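What follows is calculated from the coordinates using simple rules that are stated; it is not laboratory data. These numbers were taken from a predicted model, which means no experiment stands behind them. Neighbour counts are summed over all protein chains in view; Cβ atoms, including those assigned to glycine, are modelled from backbone coordinates with ideal geometry.
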Amino acid sequence: MTLIALLLLTGLLLSAFFSGSETGFYRASRVRMAIEALAGDWSSRVLLWLVHQPTLFVATSLVGNNLANYVTSLAVVMASQSFYPGGGAMVAVLGPMIIAPVLFIFGELLPKNLFFEAPNRLLKRCTPALLICTILFAPLTLLLWTFSRVLQLLTNNSPQELRLRLARRELGELLTEGHEMGILLPAQQSLAQSMLAVAGLPVKSFTLPAGRAVRATTTMSKSDVLRLAQRHNRTLLPVEDARHGRKLVGFLRMMDLYFDRSLTLPAPRPLIDLQAEQSCLSALRQLGQIDDALGHVIDNDGKTVGFVTGRELQLALLRAE
């Protein structure tokens, strides 16, 4: 009888622990974790490391929940055989029906609500247990991690996308909390949330299509290039080599041409290659590393999708309302 009660209690505690910690993991503030980790808090450092290893944490929670269900089921079967050894199928059905509400309330609903209300505080208290379980379940989680990597290769999805979605959601919650506390005005909150929504869109959404892009050639004169740019209101023009199959060789800044006193065209500046599916914010960061650069947006096959400038991406973020 003592063994049955102990198994049942262990299964209930394991279910509550892993169900609650999983909710807390997605609910916790990463910003607060990072600040406390920088302040020297070891539990926040461990949690922050787990945050950057979402596949490992999810696999550990999955193994833990399955272990909890197995222990609880074993306790129910042992109790049924102990109290009603000749009960037959009726006892086998009534046992799980009786224990299911208890398991649902105390092993799922209550811990999830508690971790939802105080995720950071409860996760910090559970850090030692999480670390021990991560080490103990390492052989099994390694198999699950390998399986997830195979799925990742087949579906072309990466954990980085999950991290970015979590970070954007967390920042959105932080802005909402700032508005509720009176730090942000409604217009500021709306602008910031709109900018976050646009920042995650692919850069191809803001690209001037290749068929509509005006291009200069290496055989054009300096005055022809300036007139072409003025006619189409462009400050940056991609340049094609007319002698080698109209191959893109770079871009020209009209400011350089205005201040250059020579009659010949200067050497084109190198284009910044951007993947069509990369985020607007990532492309803006890449373009911002070089002053007044022109982005060359390409697809997975390396074909030109279009062109975009850092200024155009900045305006898209500021106009996002």
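The table for this structure:
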item: Matching option when the condition is under 16 Å from Thr134 (Cβ atoms), out of contact with any Asp or Glu (no Cβ under 7 Å at 6 or more places or on another chain) and in contact (Cβ under 8 Å) with a residue 12 or more places away in the chain, among Leu56, Leu7, Leu74, Leu12; result: Leu56
item: Complete set of residues in the range 279-308 that are of a type in the set (Val, Ile, Thr) and in contact with a helix residue (DSSP H, G or I) (Cβ under 7 Å, 6 or more places away or on another chain); result: Val297, Val305, Val308
item: Residues satisfying the stated conditions in the range 233-255, i.e. loosely packed, with under 13 Cβ neighbours inside 10 Å and closer than 17 Å to Asp292 by Cβ; result: Asn233, Met255
item: Single residue of the range 1-59 satisfying the filter (charged (D, E, K, R) and part of a helix (DSSP H, G or I)) that is surrounded by the fewest Cβ atoms within 10 Å (Cβ to Cβ); result: Arg32
item: Enumeration of residues in the range 15-53 that are among the acidic types (Asp, Glu) and under 11 Å from Leu130 (Cβ atoms); result: Glu22
